Amino acid sequence: AFSAMTPRNLATRERLKEYGQGAGAAALGELVDRSAALQAGAGVVSPSFRWLSSGDLFAPWFASAVREVQRQRPGVTFWGYTRSVKYLTYLFGRSSLPANARWFVSVDADNVAGHAVAAARYGLPVAYLAKDRGELALLRAVVDSVRGEKATWTMRMTVEGWRLGSKE
């Protein structure tokens with residue numbers, strides 16, 4: 001299952017790269033149109049499309065192609081997660097994301113400093129990837145401090161172990 005996905009995704013990426021940005025955007029657009037048609041056929045009133053469920057933005061041209069597909073299809077709601085913050089400039093283009101697109105910056109212990117800054121710069125929400133509640137509290141504290149917000153979570157040691165709580 002998953003082990004078969006990675007080689008397939010890499011092969012797809014290489015094929016898109018061969019065709020270039022214009023053809024890549026057209027192929028992505030066809031994929032989204034097919035998904036929207038299947039959803040409409042199933043009675044879905046407002047189709048949605050999640051980008052990259054098992055991958056990430058991998059090149060400037062690909063992020064630009066995703067941007068164009070989103071802008072050309074205002075009737076579809078798009079969403080995705082990214083750790084590839086270096087490509088956000090291409091995803092946004094010269095303005096902001098279209099109203100039908102929602103992206104989240106994935107933050108974990110290995111990338112919190114840089115990714116928190118990128119999320120704040122682009123006004124994107126954060127998706128926390130934490131091993132436990134303690135790590136989540138620390139990640140939130142870093143993100144809040146980068147955004148200039150007061151910490152909303154505290155950690156305290158109890159007999160049972162660390163407890164996450166709201167700041168009083």
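Can you give me the Kirkwood hydrodynamic radius for the range 79-126, using every pair of distinct Cα atoms, in Å to one decimal?
10.8 Å
Just the number please: accessible area per residue for the range 56-133, 1.4 Å probe, all protein chains included, in Å².
49 Å²
Multiplying the sequence separation of residue 79 and residue 35 by 0.36 nm and subtracting their Cα-Cα distance, what value in nm do you get?
Here the answer is 14.5 nm.
The values are calculated or read from the model by the stated rules, or taken from the named source; none is laboratory data. Computed from a predicted structure; not experimentally measured. Areas reflect the complete protein model, heavy atoms only, side chains present, ligands, DNA and RNA absent. Shrake-Rupley method; radii C 1.70, N 1.55, O 1.52, S 1.80 Å.
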